[in-house]
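Please read the structure below before turning to the comments.
Please treat every number below as a calculation from the coordinates, not as lab data. The structure presented is a predicted model; accordingly, all values stated were derived computationally and were not measured. Cβ coordinates were reconstructed from backbone atoms using ideal geometry, including for glycine residues, and neighbour counts include every protein chain displayed.
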Amino acid sequence: MSRPASSKPKAGLVLLSGESSRHPGRVWLVGAGPGDPDLLTVKALRILGTADVVVHDGLVPDEILALAPPGAQQISVAKRKSRHTYAQDEINALLVAFARQGLTVVRLKGGDPFIFGRGGEELEACRAAGVECQVIPGVTAALAASASAGAPLTHRTSAQAVTFVTGHAARDEDPDLDWTGLARTNHTVVIYMGLSAAPKIAGRLLEAGRAPATPALIVVDASRSSECRIMTTLGRLAEAAEGLSGPALLMVGEAMALARSGDVARAPALSETLAGVRA
């Protein structure tokens, strides 16, 4: 059961009179992408530039936060394993309260708001409160990791399907995942937040019949300068994940055999691109 939102604002938070503005505000759920500022969408960049308040995940890098207006209030609602700055119901309440003050609220979320980002819960909370809420999709980490590694998530001959799952579910005693379906050949399985659950995930896929030699790829910090790729197999996935930390994806499937090692290719920095456009 989720605990009720706190009635007391956090220290340093500029809020909340409890009064509604005559001019209602709006909440934007904006996908910030996997970390590389170049992967922001044009619309995300434009809306971020209109923000009065930016409520952001801990994984959103400073380079993206710097694109908000100088006067915009920035509030980190970082979530780390077993350590949350704000509970989800408190985040929901923040978004609603700021919008009711007539402010433009950008809820800046890593990746895409609707891929394991709790964007659906925040959208529901805004709708229930009568607050206008719009969604701007973002590049989810699996797409960035696949592109930089040169390992397609789908492929005509080796991956006719792709499934995204969360490793958090795999830590449950009886996770509600279709392991038999996930174990089919020519099927890419992408596990978000799965490092600590890698032994259990690999074990369940093997038990369901997926071959130990199935290619697998671990990508840490997808799209960032610190990106790290480890190519392995399903049978050795748990061993390869041991000791790793940070935001990571586990990618299992025949198409992962196309992954390449090496440096991540970099386009010109976003600040340089914007400077050229504005010149």
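General remarks:
- Charge dipole magnitude, Cβ of K and R +1, D and E -1 - the stretch 26-139, Cα centre, debye nearest 20: 160 debye
- Efficiency of FRET between Thr50 and Glu132 - r from beta-carbon atoms, R0 22 angstrom, step 0.05: 0.95
- Once the Cα-Cα distance is subtracted from the 0.36 nm per residue extended length, the Ala257 to Ala211 segment shows a gain of 15.2 nm.
- Projection of the Cα convex hull of the stretch 142-258, averaged over all directions and equal to a quarter of that hull's surface, yields 6.2 nm².
- Kirkwood's formula applied to the C-alpha pairs of the stretch 26-139 gives a hydrodynamic radius of 13.7 angstrom.
- Local electrostatic count at Thr232 - Lys and Arg +1, Asp and Glu -1, tallied over other residues with Cβ under 15 Å: +1
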